[in-house]
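Here the structure comes first, spelled out in structure tokens, and everything after it is commentary.
The values are calculated or read from the model by the stated rules, or taken from the named source; none is laboratory data. Because the structure is a prediction, the values reported are computed rather than measured. So basically every Cβ, Gly included, is an ideal-geometry build from the backbone, and we count neighbours across all protein chains shown. In case anyone asks, the SASA skips ligands and DNA or RNA and just uses the protein heavy atoms, side chains included. Shrake-Rupley method; radii C 1.70, N 1.55, O 1.52, S 1.80 Å.
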Amino acid sequence: MSAVNRSSLLRRVAVFIVVFSSIVARGQDILQHQLDGTEQGKSLAVFFEELEKSSKVRVYFITEWIEPISFQRSYAGMTLEDALSDLMNGTDLSFIAMYPDALVIIKDPTQALLRKRAIEEAVKQNQRVDTYRFGDRGKARKGRLIISGQVTGSRSLDPIPRVNIQVSDTERGTTTDESGKYVLSLEPGVHVLTFSSIEYETKVIDLLAYEDGVIDFIMEESGVMLDEVVIHGNFGREVTTGKVGLTRLSMVEVKRAPALLGEVDLVKQVQTLPGVTTAGEAAAGFNVRGGSVDQNLILYDDMPSFNSSHVLGFFSAFNSEAIKDVSFYKGGVPAEYGGRTSSVLDIRSRDGDFRKWNGNVGIGLATSNFMINGPIKKDTTSVAVSFRTTYSDWLVRSIETEYADLSKSSVSFYDATMKLTHLFNSRTRLSVTGYSSNDAMRLVGDSTYQWNNLQFSAKLSHQFTEKLNSEFVAGVGSYGYSVENPDYLTASKLSFRINTILAKAAFNYPLDRHNLNFGLQMLHYRFSPGTLTPGSPASNAESITLEKQYSIENSLYVGDELTVNDRILIEGGIRLPVFISLGPATVKLYDPQSPLEVSNVSDSLNFGTAQPIETYVGIEPRLSFRWKATESSSIKFGYNRMYQYLNLVTNTTAVTPVDIWLPSGYYIKPQRADQVSIGYFTDLRSGKYAVSVEAFYKALDNIVDFKDGAKLVLNPQIETDLLQGKGTAYGVEMSITKNTGRLTGNVNYTYSRSFRQVAGPTSSESVNSGNQYPSNFDQPHIANLAWKYSLSRRLFFTGNFTYHTGRPVSIPLSAFQFENNTIAYFSGRNQHRIPDYHRLDLALIIEGHKKRKKKGEGSWVISVYNVYGRNNPYTVFFKSSGAGIPQPYQLSIIGSPLPSISYNYRF
Amino acid sequence: MAASNFSRKFSKWWILIFTLLDSCVDRIEFDIPPAQNQLVVEGMISDDPGPYTVRISRALDLEADSVVISPVKQAKVKLLDDEGRSENFSETSPGVYVTGGLIRGKVGNRYHIWLETQEGEQFESQPDAIRSVGPVENIRFEFEARSITENYGPVRADVFNVYMDANAGAGTDGEKFVRWKFTGTYEVLSYPERHFIWALGFTLPDPYPCSGYDFDEAGNLVSMGPCTCCSCWAHHYESQPSLSDGQQVVNNQYYNIKVGEVPITSATFYNKYQVEVAQMSLSRTAFEFFKLVRAQKEGAGSLFQPPSGEIKGNISPLNNSKPIVGLFYATSINRKSVYIQRSDVPYNIPPIAEIRYPCTWYENSTNVKPSNWE
């Protein structure tokens, strides 16, 4: 039976239900109908049909409700009422008579309504509705039954974790575990199950079950969409999602958002989430809940990434076409993640299609990208390759500027990902990812800046038993930059590099109401904190090589998700990180009575190869709790402690190429963050709107700040220029999302503060005399508005508006003369603010035909960035006036509306 | 050094990107208190014979186009030591207060000033001790070929790097805070007698009177007396204080400290160049003050300029809450000087430019021969 037919029948039934429930049924005649024994052996449906034929009686029923019911014995002499009562005993069916000659079979009316609504909604949204039957009414057993199965992706044949499963007629739900498996405990009877996950098409299952059953199925990647409406982010599912602190990002939506120069940017989309902001226009990275950029753990196929952007923040370093799935945690971080104190951005790259070859070509104003993926051996081995590069040289060279002859300048970058996946069998899967990104920029006769990032990782997923799943990852990564000065007499090359080796084992073991995760992670770092080499034989540049730094970060973790009951979910865990800074190294010792200053060196300690210099052991408890207060609302609580052993040390507010990652060690203690968050999440109008309010408080210890006037590059005794102190951040995040309809979108507002305090024994070891001061990322008011209006199924008008308070800066207040020098009198650190930031972007998206079978689909994105041409400050700097007095200036990078157009062809 | 170099070069790169994306630079106005309310006090006492000077002025507004000091006149200023002696300063020119020579700085003693403005606002500095300081032992210089790239190509910008060795001295409490003050002096020549004016398309000689030239009765230009503005001595002052915090002390010695750079031009080496290095002891407070000054000067001009710290100094209000910035510090000074000769430059320097103005045209110059010029 087609879904449409069924729904019209249902509508008829539903109308009656409504009518009947408000009228006291008086017609008793039909119920007094005497049975004569001929009914024996007939199904109830057949009996009703015959009854309708032989009398004026009309019976309203849905065949499948009563399908399994038949007259097993003779009911001769009994009234219809008694016979039906007997037959329907123990089911959720009942009957009601109206007028003398109408009989209506009804299910639990609430359930029927909910089911009807779910099916109708699914049909309206062109979702596929599949029907499953298990057992029959006659053999129905008493009590609850179990429906279980596994969900896999259509192309990657990869189990899909965290699929939301909504049991529509009960408002109950669950999610699939890490290996795509789920278990549902249901009453026997009819249910509508809705399976939804970001990046996949929602699947609806109309289930009739009288015994346990297994439903394994494949979800279609939403690249070939048929649906008209895709939910933005997962705001609408916050209530039922298993993970408390998790936000999943939809790459489909990321691609539809307006973007700078039309370049799809994952990081920029992260910046629109509640509680997330950025230091300024096009600044690299993002700041979460008053934290710094380096406090975000960015994982690309399990490898930590030290650089998330190209061209210093203009573009994301990750090609959106190569991304399968993005998870973001800003609170309630599970025990499997650690090493950073603010947030986790877990990016998984796309697996190749195991069935057929397909790909994508994109052309924009500044870059173009190419992606192809498909089976090397069908259903066994697949490959996905993507490449993105810029050709903005022509743009650069066409510029006329008074500063330099740009005809020989260049700005270039590329990134490339290749992923091979092999299925040994249904239990074992191996994937190997290689990622490379490179940026190079040169001004004529001037320095060349180069950044590169190279990583390889291999992941073996294996299912030991039905319950025990495992993942083993090994990887290597290398991130570094160099600055080359070509001038013959002073030629030099400055370079910095971090090499990482990762080994990791993760296990998942679901057991009844528990879902256990445990594992071990090992990271080895080698830092080359700075090398300066002369670049030509005549160069007068000094040769400087700072000592390499070695360290290992090993962690054991165990976590459990305990589903106490339908309402309560508890996630708990503990993570034990051990960080060891290793030799070879020479550690300078300072006079203990004096501040750490180069002039106070008293002695030095020598450490041999692999000899531990300093060991830090941490205990990180994690706890989150979700309580479904009502069917459509929940309260979530999260607590986590996290340690961070690597610090990005910088004394500018924007990330610059010569920033340095510094590991904890003899002098630098690991950062520690404790965060509590509590939130209320609710769905209104059956999921049409999702509203949330979340508050957090964070306490940080051993945050790294710098002394006034610190020198950080090529400083062999960098500890003398750094300070450690405390930090606090707190705030409230509010968000309203409209999930359905032609207009969908999200508006969110965050009030939050972020402070630091560095109080050392002397004034040079303190900041602002040891008083609390706003951190660089203290932006009290942050508001975002993002929307998508579907003009048609292929045409979208999207936009976003961002507002945040200007970040704090230190500025000169006056100037004075001292010993023939004009000196500026600066305010204390971060005592003033730059002007507020706000910006509106708009985009028109024209997507191709959405036919599943059709080959080739083109889409256009026409966008305007900074529509009303706001001069948002990127950075504040000082230019000396004629009198040598520094005056504050703001630099706006994009001071006018910036239109762009890009084209994507998917094949 | 490397860092600021790189960030400066990096700034250039940014210019490119900014141009590309239609960036712009605007003044930002912040809501800040008026500068005139803020007093500025500058002064020191050393173990050199006095008189010692204190200057009191009002802070400069950020908008000021030129450095015009607004002196604070008719203040009462008193110098006090920890032996109970005191001496009043007297105002010798507006805002400049000088001692009469009663007190002479002595190593080991602590000094501070007390002052009261006409309006009755009183301020006081924290007592600062004169610590002993070691001698400057050696000054060396080394030629370095350099060029800077202009739009039309590379231009020579060679220098002499000046290094010194010094004894760190005894210090106090194990802490050694030393400042090295570099002063360069060079003789310059100008041609004020060749000055002329344009009139009706002709050039007419118009010598400056200080050149000694004038027209005689016959209308001829003749030398009538000595030129008092043809020979001058110009000074290079350090653009930022040079301090001992980044230096290692080995056996109580500072070795090979770079204290300055001497640019090689036809003016600086017209004759010879005198390098004077003064090694000065400082207290921690004064040292922190100069450190912040240095940090500010180093960071200047970079787009990624790190914020400079609040420079407070050691003077605070007594009976009011007026903002004040200033330092009255005590120091012991040891000096040494050497000459770099014209012949030390490894190539021939072109003759000095024909400047047809009095020689005080050169920056920081005077026609009074310095007492230590040989």
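Worth a mention:
- Flag not set for B:Leu200, criterion: modelled with pLDDT of 85 or more and either within 14 Å of another protein chain (Cβ to nearest Cβ) or over 30 Å from B:Pro350 (Cβ atoms) (or both).
- Candidates A:His514, A:His524 - the one that is crowded, with 16+ Cβ neighbours inside 10 Å and either out of contact with any Lys or Arg (no Cβ under 9 Å at 6 or more places or on another chain) or under 28 Å from A:Trp661 (Cα atoms) (or both): A:His524
- Qualifying residue in region A:254-272 (condition: part of a loop (DSSP other than H, G, I, E, B), closer than 30 Å to A:Asn508 by Cβ and either in contact with a Lys or Arg (Cβ under 8 Å, 6 or more places away or on another chain) or in contact (Cβ under 8 Å) with a residue 24 or more places away in the chain (or both)): no
- Looking across region A:696-717, the residues that are modelled with pLDDT of 90 or more and either among the aliphatic types (A, V, I, L, M) or closer than 30 Å to B:Asp245 by Cα (or both) come down to A:Ala699, A:Leu700, A:Asp701, A:Asn702, A:Ile703, A:Val704.
- For region B:259-285, filtered to residues that are β-branched (Val, Ile, Thr) and assigned to a strand (DSSP E or B), the residue that is surrounded by the fewest Cβ atoms within 10 Å (Cβ to Cβ) is B:Val259.
- Test result for A:Ser461, more than 26 Å from the chain's Cα centre (by Cα) and crowded, with 17+ Cβ neighbours inside 10 Å: no
- Odd one out for A:Lys669, checked against (1) among the basic types (Lys, Arg); (2) in a strand (DSSP E or B); (3) open to solvent by 30 Å² or more (accessible area, probe 1.4 Å): (2)
- Residue check, A:Asn307 more than 30 Å from A:Asn515 (Cβ to Cβ), more than 14 Å from every other protein chain (Cβ to nearest Cβ) and open to solvent by less than 10 Å² (accessible area, probe 1.4 Å): no
- Test: A:Gly332 is over 14 Å from A:Tyr414 (Cβ atoms) and either more than 14 Å from every other protein chain (Cβ to nearest Cβ) or in contact with a strand residue (DSSP E or B) (Cβ under 7 Å, 6 or more places away or on another chain) (or both): yes
- Filtering region A:714-766 to residues that are among the aliphatic types (A, V, I, L, M) and open to solvent by less than 10 Å² (accessible area, probe 1.4 Å) leaves A:Ala729, A:Val758.
- Those residues of region A:488-547 which are among the aromatic types (Phe, Trp, Tyr) and either more than 23 Å from A:Gly583 (Cα to Cα) or more than 38 Å from the chain's Cα centre (by Cα) (or both), in sequence order: A:Tyr488, A:Phe507, A:Tyr509, A:Phe518
- Within the set B:Ser321, B:Ser316, B:Ser343, B:Ser365, the sole residue that is more than 17 Å from the chain's Cα centre (by Cα), within 14 Å of chain A (Cβ to nearest Cβ) and farther than 16 Å from B:Phe177 by Cβ turns out to be B:Ser316.
- Just so you know, in region A:376-403 the residues that are in contact with a helix residue (DSSP H, G or I) (Cβ under 7 Å, 6 or more places away or on another chain) and at pLDDT below 90 include one that is farthest from the other protein chains (Cβ to nearest Cβ), and it is A:Arg397.
- Whether a residue is within 30 Å of A:Phe877 (Cα to Cα) and either buried (at least 23 other Cβ atoms within 10 Å of the Cβ) or not hydroxyl-bearing (Ser, Thr, Tyr) (or both) was assessed, and B:Ile355 does not pass this test.
- Within the set A:Phe48, A:Phe16, A:Phe20, the sole residue that is assigned to a helix (DSSP H, G or I), aromatic (Phe, Trp, Tyr), closer than 21 Å to A:Gly189 by Cβ and modelled with pLDDT of 80 or more turns out to be A:Phe48.
- For region A:551-572, the condition holds for no residue, the condition being that it is within 14 Å of chain B (Cβ to nearest Cβ) and either in contact with a helix residue (DSSP H, G or I) (Cβ under 7 Å, 6 or more places away or on another chain) or touching a residue at least 60 places away in the same chain (Cβ under 8 Å) (or both).
- Test set (1) modelled with pLDDT under 85; (2) open to solvent by 30 Å² or more (accessible area, probe 1.4 Å) - B:Trp14 fails condition number: (2)
- Residue check, B:Gly95 open to solvent by less than 70 Å² (accessible area, probe 1.4 Å) and either in contact (Cβ under 8 Å) with a residue 60 or more places away in the chain or more than 14 Å from chain A (Cβ to nearest Cβ) (or both): no
- Condition met for A:Val326 (touching a residue at least 60 places away in the same chain (Cβ under 8 Å), away from every other protein chain (no Cβ under 14 Å), surrounded by 24 or more Cβ atoms within 10 Å (Cβ to Cβ) and among the β-branched types (Val, Ile, Thr)): no
- All conditions but one from (1) free of Cβ contacts under 8 Å to residues at least 40 places away in the same chain; (2) in contact with a strand residue (DSSP E or B) (Cβ under 6 Å, 6 or more places away or on another chain) apply to A:Ser792; the one that does not is (2).
- A:Phe877 passes every criterion in (1) within 14 Å of chain B (Cβ to nearest Cβ); (2) modelled with pLDDT of 80 or more apart from (2).
- Number of the condition not met by A:Thr448 [criteria: (1) surrounded by fewer than 17 Cβ atoms within 10 Å (Cβ to Cβ); (2) under 30 Å from the mean Cα position of the chain (by Cα); (3) within 14 Å of chain B (Cβ to nearest Cβ)]: (2)
- Residue match in region A:586-595 (condition: away from chain B (no Cβ under 14 Å), under 30 Å from A:Asn640 (Cα atoms) and part of a strand (DSSP E or B)): no
- Top-ranked residue in region A:779-817 [being of a type outside the set (Gly, Ala, Ser) and within 14 Å of another protein chain (Cβ to nearest Cβ); ranked as farthest from A:Pro897 (Cα to Cα)]: A:Gln817
- Selection within region A:184-214 - β-branched (Val, Ile, Thr), open to solvent by 20 Å² or more (accessible area, probe 1.4 Å) and not in a loop (DSSP other than H, G, I, E, B): A:Thr194, A:Val214
- Residue tally, condition buried (at least 16 other Cβ atoms within 10 Å of the Cβ), acidic (Asp, Glu) and at pLDDT 90 or above, over region B:58-91: 3
- The residues listed here are B:Ile349, B:Ile315, B:Ile311; of these, the one that is in contact with a Leu (Cβ under 6 Å, 6 or more places away or on another chain) and among the aliphatic types (A, V, I, L, M) is B:Ile311.
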